[in-house]
Amino acid sequence: MLLVNKITALHEKLKSFNSSDTIGFVPTMGALHEGHLSLVKQAISETDVVVVSIFVNPTQFNDPKDLERYPRTLETDLKMLEKTGCHIVFAPVAAEIYPNPDTRVFTFGNLENVMEGKHRPGHFNGVAQVVSKLFEIVKPHKAYFGLKDFQQLAIIKNMVAQFNFAVEIVSCPIVREETGLAMSSRNELLTVEERKNASIISHTLFKSRELTEDKSVNELKRWITETINKNPYLTVEYVEIVDDIQLQPIKSWDEKTVKVCCVAVFCGKVRLIDNIVFN
Ligand code: AMP
């Protein structure tokens, strides 16, 4: 496994592989866990050369304190990646990705007006800025993203379609801790007590799946909100039940779409997201 910080070094290394080799790419912000590694393992099983990027992208943080607090654990990340058999780790500094401020403005229509788009203004523009740059730099055949960030995946697919990127986007299932808590780099910022209580989020989502016969969409959203908020460690930011394509809130269970329940919840100062597919 080779660690590179510069785009030129990355290109140099990529040139040393066969030109017919397929490139698999896993963009991350580091502080890796089994969720990230599942993406890397899938990339290794499906492509010839696997590139993992580790870059805490400043343009996608709408809260400077969140950026400051974000965990950075490069040494342990590298040890974990080494074991997976990944070929190249690309860990640039910000000036390598943004030699000039990125002033591009992306539009995603209705997709960006709900949930994370609504509560984190500018977040998806930053995600699109960095992922589009990384796609240009790495030129992957396949890129792997987790369903944990359900809306991000929809945004990336939309961006690929808008700009005709020659990359196949592969969606990977959510990996959870034994308690059910969706794995996240931000879990490292929780105290032991907070982490224990945070599992209420996924338990509530799992249970909610069994209640769709008894409750209307709005009643179920209210039940999820109240159940999570009852826990003194947790405060719901939003609960939405949306269709899986346009991510617009559904009004009735009769709508003929796959339905996904997405939540954002504060556990102390740490903002956690999770989701579950209903059918
Ligand atoms: P991040 O480092 O948080 O930007 O995440 C990098 C990639 O890993 C994104 O595609 C995430 O959706 C994915 N990811 C993060 N957590 C999980 C998880 N628990 N299960 C599956 N994929 C995940």
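The values are calculated or read from the model by the stated rules, or taken from the named source; none is laboratory data. Being a predicted model, the structure only gives us computed values, none of them experimental. Positions of Cβ are generated from backbone atoms using ideal geometry, with glycine treated the same way; all protein chains shown enter the neighbour counts. Ligands, DNA and RNA are stripped out before the accessible areas are found, and what is left, the full protein with its side chains, is counted by its heavy atoms. Shrake-Rupley method; radii C 1.70, N 1.55, O 1.52, S 1.80 Å.
Rolling a 1.4 angstrom probe over the chain with all protein chains present gives an accessible area of which 53% lies on carbon and sulfur atoms. Using only Cα positions of the chain, each an equal point scatterer, no hydration layer, compute I(q)/I(0) via Debye at q = 0.07, 0.17 Å⁻¹ and quote the log10 values to two decimals. The Debye formula, applied to the Cα set alone, gives -0.26, -1.47. Across the range 237-249, rounded Karplus estimates of 3J(HN,Hα) from the backbone phi angles (6.51 cos²θ - 1.76 cosθ + 1.60, θ = phi - 60°) give 8, 8, 10, 10, 10, 10, 7, 7, 9, 8, 6, 9, x Hz, Gly and Pro being marked x. By the Kirkwood approach, averaging reciprocal distances over each pair of separate Cα atoms, the range 43-177 gets a hydrodynamic radius of 16.1 Å. Rounded to the nearest 10 square angstrom, Phe135 shows an accessible area of 10 square angstrom against a 1.4 Å probe.
Over all other residues within a Cβ to Cβ distance under 15 Å of Gln151, the charged ones net out to -2, with Lys and Arg as +1 and Asp and Glu as -1. Looking at the chain, the DSSP beta bridges with both ends there are about 50 percent antiparallel.
Taking label positions 7 Å along the Cα-Cβ direction at both Lys118 and Asp244, the computed distance is 2.2 nm, reported to one decimal.
Please compute one quarter of the surface area of the Cα convex hull for the range 149-240 and express it in square nanometres.
Details: hull surface 31.8 nm².
Its Cα hull, projected and averaged over all orientations, spans 7.9 nm².
Taking all protein chains into account, the per residue accessible area for the range 140-260 stands at 51 Å² (1.4 Å probe).
How much net charge surrounds Arg176 when only other residues with a Cβ under 12 Å from its Cβ are counted (Lys, Arg +1; Asp, Glu -1)? Counting the neighbours of Arg176, the net charge comes to -3.
Tell me, in nm to one decimal, what length is gained between Ala9 and Lys215 on full extension, where the rule is 0.36 nm per residue of separation less the Cα-Cα distance? It would help to have the intermediate numbers written out before the result.
Values: separation 206, 0.36 × 206 = 74.16 nm, distance 5.65 nm.
Extra length from Ala9 to Lys215 when fully extended: 68.5 nm.
Pairs from the table (Lys83/Lys157; Lys157/Lys215; Lys221/Lys256; Lys142/Lys259; Lys207/Lys269; Lys6/Lys133) lying more than 24 angstrom apart at Cα are Lys83/Lys157; Lys157/Lys215; Lys142/Lys259; Lys207/Lys269.
According to the square roots a ≥ b ≥ c of the eigenvalues of the Cα gyration tensor, what is the shape class of the range 82-152, taking rounded for a/c under 1.5, prolate for a/b larger than b/c otherwise, and oblate for the remainder?
Oblate, because a/c is 1.5 or more while a/b does not exceed b/c.
Kirkwood radius for the range 1-85, taken over all pairs of different Cα atoms as the inverse mean of 1/r, rounds to 14.1 Å. I want the local charge near Tyr233. Using Cβ-Cβ distances under 11 Å, sum +1 for each Lys or Arg and -1 for each Asp or Glu among the other residues. Result for the local shell: +1.
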